[in-house]
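To keep things clear, I will list the structure first and then write my remarks on it.
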Amino acid sequence: MSELSGFYALWYREVKVFLRERSRIISSLVTPLIWLVAFGGGLGSIVGGGGSQAFYGVSYQAFIFPGVLMLTVLFTSIFFGLYIVWDKKVDFFKEVLVAPLSRLTLFSGKMMGGCTDSLLQAAILLILGVFFGISYTITSLPITIFFVLCMAAGTVSLGLAIGSQMTSFEGFGLVQSFVVLPLYFLSGALFPLTNLPGWLMTVTRLNPLTYIVDGMRGALLGIYQFSPWLDAGIALGFMAVFIAIGTFAFMKMSS
Amino acid sequence: MCNLPIKGVFLLIIKTEGITKKFKDLVAVDHIDLSIDEGEIFGLLGPNGAGKTTLLSMLATLLPLTEGAAQVNGFDVRQKPSSVRKSIGMVFQAPSSDEILTGWENLYLHALMFGVPKDLRRQRIDEVLQLVDLKDRANERVKTYSGGMRRRLELARGLLHKPKILFLDEPTLGLDPQTREHIWEYIERLSKEEKVTILITTHYMEEADSLCDRVAVIDHGKIIALDSPANLKMNLGKSMIKARVENPNLDLIKALPYVNKVESKDGEVTIHLSEAGNHIQEVLCNLGNASYVELREPTLNDVFLQLTGKEIRSASAETIEEQYAKGYNA
């Protein structure tokens with residue numbers, strides 16, 4: 001009972017803080033909009049005018065929309081997780097660590113809080129999607145949200161796992177350079193996976209986010225490179241593996 | 001559940017036996033035996049890096065023990081950490097309230113995390129807010145609070161789940177003297193109205209002196225003296241004279257019946273008297289030509305000086321050990 005209300009407390013705190021810091025919500029929407037408007041509009045005018053076969057008959061902006069959605073969730077989630085370093089610095093987290101709660105509860109409360117934040121961000125972006133040529137159906141929306149959730153749970157857990165072992169912000173740049181950006185650019189978020197040079201083909205196929213983007217693009221635009229079942233399976237696996245790693249990291253974290 | 005007889009003694013709420021913490025080669029807490037009675041305000045006084053926070057963290061189950069045993073509210077800290085945590089309230093050295101949330105929200109979260117029953121939450125939050133006079137500011141964000149108000153909020157939070165013991169780690173660190181005295185009043189009020197045992201660490205002598213029923217003086221991880229502040233000072237005598245004298249007649253002074261102890265250092269003589277100031281005339285006559293004389297009652301700082309040969313304040317600001325101790329949250 002106390003674990004359950006503790007879980008609720010941790011979730012409640014994250015959502016309150018998120019909703020109260022409106023500037024953070026707005027600024028985190030600017031990045032995806034720049035990608036869609038500037039990058040998508042600019043590059044799209046050369047590579048894929050209306051109905052270009054390279055992008056399966058959709059505009060380049062629409063083509064990269066699922067990728068940009070993935071980017072938003074990736075950034076929000078990972079940095080939410082890493083933010084635990086700050087919690088530890090300002091001692092707020094000490095108050096949480098001294099509470100009679102299990103580490104599993106701490107982890108799941110934090111993780112669900114992060115997922116809620118990411119989901120709210122994604123929801124705003126999905127609404128804006130209609131301006132970039134995305135239309136929704138009764139099935140496409142739930143499937144997209146399924147992928148967003150798997151993605152968010154997995155990457156929040158990844159961020160929490162890294163953050164729980166870090167002692168300062170110095171590692172943030174490293175995470176950005178060696179985790180976030182490669183995962184994003186090597187995922188097929190911005191280009192079709194056909195006609196890639198061999199090495200890039202291999203790398204993208206090893207990146208689990210490739211399948212998550214594919215699943216979202218399939219649901220929203222009907223463009224699948226892989227089987228939807230494979231996409232869903234890898235998304236679930238990605239989530240499960242990182243939740244397990246994150247839980248383990250929390251157990252190991254010194255109080 | 002509470003007050004289990006520990007070795008036949010009732011009302012012993014904290015007991016440690018040979019409790020020790022080592023960080024690599026450094027012994028931060030060195031075989032400390034401590035017995036604290038229910039209802040006491042007990043002080044751990046010592047310079048930064050003496051091992052106070054490390055000791056407190058072990059009792060709060062935040063740090064594992066290297067050696068020894070400790071019982072808090074009858075629960076062993078190694079075997080029943082969860083029961084220990086439910087028995088204690090903790091106020092940390094650094095501010096630990098959430099700035100983005102309001103005071104009320106901070107308390108509400110704490111109530112949820114510490115399992116305060118649903119039907120009691122609001123009432124209990126009201127009670128503790130009343131206790132620290134923060135009711136009218138409860139719905140403002142903590143960001144807008146002054147340092148003293150934040151401390152008060154954290155005191156209230158520590159009491160929310162009706163703990164048997166409240167741990168206060170340097171509760172007035174970084175506050176101005178006026179606010180500090182104000183916080184002392186609140187701590188005394190909590191102790192009376194909530195009937196809670198208070199264990200407090202401090203390196204302010206005035207704080208230990210005015211608040212604590214008993215004080216353990218700690219240096220280099222060991223207790224070097226333990227008694228009430230009055231008795232600790234009494235051991236040095238009722239009053240002391242400091243005088244600057246060239247070629248003082250120390251032997252003459254030492255022979256006087258009411259002189260406890262005489263020290264001479266760098267031309268300054270310190271004389272501890274077993275009685276109050278009525279012999280000052282005689283002492284000065286025998287001493288020689290004094291260019292400066294001060295008569296006062298001994299303070300805990302004098303006690304510390306006597307025991308360790310150094311002043312509490314002059315101890316290094318932050319030693320390696322204290323950084324290690326902080327490392328547990330980093």
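So here's what we get for this one:
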{"item": "Filter result (under 24 Å from A:Ser108 (Cβ atoms) and surrounded by fewer than 19 Cβ atoms within 10 Å (Cβ to Cβ)) within region A:13-27", "result": "A:Val15, A:Lys16, A:Val17, A:Leu19, A:Arg20, A:Glu21, A:Arg24, A:Ile25"}
{"item": "Filter result for B:Pro64 (within 23 Å of the chain's Cα centre (by Cα), facing chain A (nearest Cβ under 8 Å) and surrounded by fewer than 23 Cβ atoms within 10 Å (Cβ to Cβ))", "result": "no"}
{"item": "Single residue of region B:190-221 satisfying the filter (of a type in the set (Asp, Glu) and assigned to a loop (DSSP other than H, G, I, E, B)) that is modelled with the highest pLDDT", "result": "B:Asp213"}
{"item": "Some residue of region A:204-212 being in contact (Cβ under 8 Å) with a residue 40 or more places away in the chain and of a type in the set (Phe, Trp, Tyr)", "result": "no"}
{"item": "Residue identified as within 14 Å of chain B (Cβ to nearest Cβ), within 24 Å of the chain's Cα centre (by Cα) and farther than 17 Å from B:Leu109 by Cα among A:Val73, A:Val30, A:Val85", "result": "A:Val85"}
{"item": "The lone exception for B:Glu127 - which of (1) more than 10 Å from chain A (Cβ to nearest Cβ); (2) buried (at least 21 other Cβ atoms within 10 Å of the Cβ); (3) assigned to a helix (DSSP H, G or I) it fails", "result": "(2)"}
{"item": "Yes/no for A:Phe7 being touching a Gly at 6+ places or on another chain (Cβ under 9 Å), under 16 Å from A:Gln121 (Cβ atoms) and not charged (D, E, K, R)", "result": "no"}
{"item": "Any pair with Cβ under 7 angstrom, 6 or more apart, that starts in region B:184-208 at a residue that is under 14 Å from B:Gly43 (Cα atoms) and ends at one that is part of a helix (DSSP H, G or I) and polar (S, T, N, Q)", "result": "B:Trp184/B:Ser210; B:Ile198/B:Ser191; B:Thr201/B:Thr53; B:Met205/B:Asn301"}
{"item": "Residue in region B:67-81 that is touching a residue at least 24 places away in the same chain (Cβ under 8 Å), under 16 Å from B:Pro163 (Cα atoms) and within 14 Å of chain A (Cβ to nearest Cβ) present", "result": "yes"}
{"item": "Of residues in region B:104-123 being assigned to a helix (DSSP H, G or I) and within 26 Å of the chain's Cα centre (by Cα), the one farthest from the other protein chains (Cβ to nearest Cβ)", "result": "B:Leu107"}
{"item": "Residue, modelled with the lowest pLDDT, within region A:90-124, restricted to residues that are outside any helix (DSSP H, G or I) and at the interface with another protein chain (Cβ under 7 Å from one of its Cβ atoms)", "result": "A:Asp91"}
{"item": "Residues located in region A:223-255, provided they are touching a residue at least 24 places away in the same chain (Cβ under 8 Å) and outside any helix (DSSP H, G or I)", "result": "A:Ile223, A:Gln225, A:Met253, A:Ser255"}
{"item": "Matching residues in region A:196-255 - criterion: being more than 14 Å from every other protein chain (Cβ to nearest Cβ) and among the basic types (Lys, Arg)", "result": "A:Arg205, A:Arg217"}
{"item": "Condition check for A:Ala161: more than 14 Å from chain B (Cβ to nearest Cβ), closer than 23 Å to A:Ile26 by Cβ and either at pLDDT 95 or above or touching a helix residue (DSSP H, G or I) at 6+ places or on another chain (Cβ under 7 Å) (or both)", "result": "no"}
{"item": "Counted residues, region A:135-157 - those being in contact with a Ser or Thr (Cβ under 9 Å, 6 or more places away or on another chain) and over 19 Å from A:Gly233 (Cβ atoms)", "result": "2"}
{"item": "When residues of region A:166-188 are limited to those that are hydrophobic (A, V, I, L, M, F, W, C) and in contact with a helix residue (DSSP H, G or I) (Cβ under 9 Å, 6 or more places away or on another chain), the one farthest from A:Phe63 (Cα to Cα)", "result": "A:Met166"}
{"item": "Condition met for B:Ile224 (assigned by TED's automatic domain parsing to the domain that holds B:Phe114 and in a strand (DSSP E or B))", "result": "yes"}
{"item": "Among (1) under 19 Å from B:Pro163 (Cα atoms); (2) at pLDDT 85 or above - the single one B:Leu44 does not satisfy", "result": "(1)"}
{"item": "From A:Ser157, A:Ser140, A:Ser108, residue being within 30 Å of B:Gly89 (Cβ to Cβ) and in contact (Cβ under 8 Å) with a residue 40 or more places away in the chain", "result": "A:Ser108"}
{"item": "Residues of region B:85-95 classified as within 7 Å of chain A (Cβ to nearest Cβ) and either more than 28 Å from the chain's Cα centre (by Cα) or surrounded by fewer than 24 Cβ atoms within 10 Å (Cβ to Cβ) (or both), total", "result": "3"}
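The values are calculated or read from the model by the stated rules, or taken from the named source; none is laboratory data. What you see is a predicted model, and the numbers here were worked out from it, not measured in a lab. Quick reminder, even Gly has a Cβ in these numbers, built from the backbone with ideal geometry, and neighbours come from all protein chains shown.
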